1. So what is the accessible area of the chain per residue, in Å², with the probe set to 1.4 Å?
2. With 10 Å bins from zero, work out the P(r) of the chain over every alpha carbon pair and list the percent per bin.
3. Where does helix 31-56 land angle-wise versus the long Cα axis of the chain, in degrees 0 to 90, nearest 10?
4. Quick check: at a probe of 1.4 Å, how many percent of the accessible area of the chain sits on carbon and sulfur atoms?
5. Ranked highest first by the average count of other Cβ atoms within 10 Å around their residues, in what order do 31-37, 48-54 fall?
Amino acid sequence: MTIEEVIDTIVKLEQEREQIYEDSSVTPEEHPRLAHIEAELPKLWDLRRRLEAAKAAGLDGIPVPPPADPNQMIG
């Protein structure tokens, strides 16, 4: 994922979160999506910081990848 793609995804998720909160009540149907957005945003911000730091250091990629998502790990 490029930094532009990360920023675009952050913006889209932030807008979607704002739409969910727009009417000041979250419906039961919206809770799972909101939980997903709230879980994804910190990861995306971390990835953005890592990509920006790598670019500032003159690197082509992230030298230390973000930690694995524990939800994706097979135990």
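The values are calculated or read from the model by the stated rules, or taken from the named source; none is laboratory data. What you see is a predicted model, and the numbers here were worked out from it, not measured in a lab. So basically every Cβ, Gly included, is an ideal-geometry build from the backbone, and we count neighbours across all protein chains shown. In case anyone asks, the SASA skips ligands and DNA or RNA and just uses the protein heavy atoms, side chains included. Shrake-Rupley method; radii C 1.70, N 1.55, O 1.52, S 1.80 Å.
1. With all protein chains present, the chain gives 76 Å² per residue.
2. The distribution over the chain is 17, 39, 29, 13, 2, given as percents.
3. That helix lies at roughly 20 degrees to the long axis.
4. Carbon-and-sulfur percentage of accessible area, whole number: 56.
5. 48-54, 31-37
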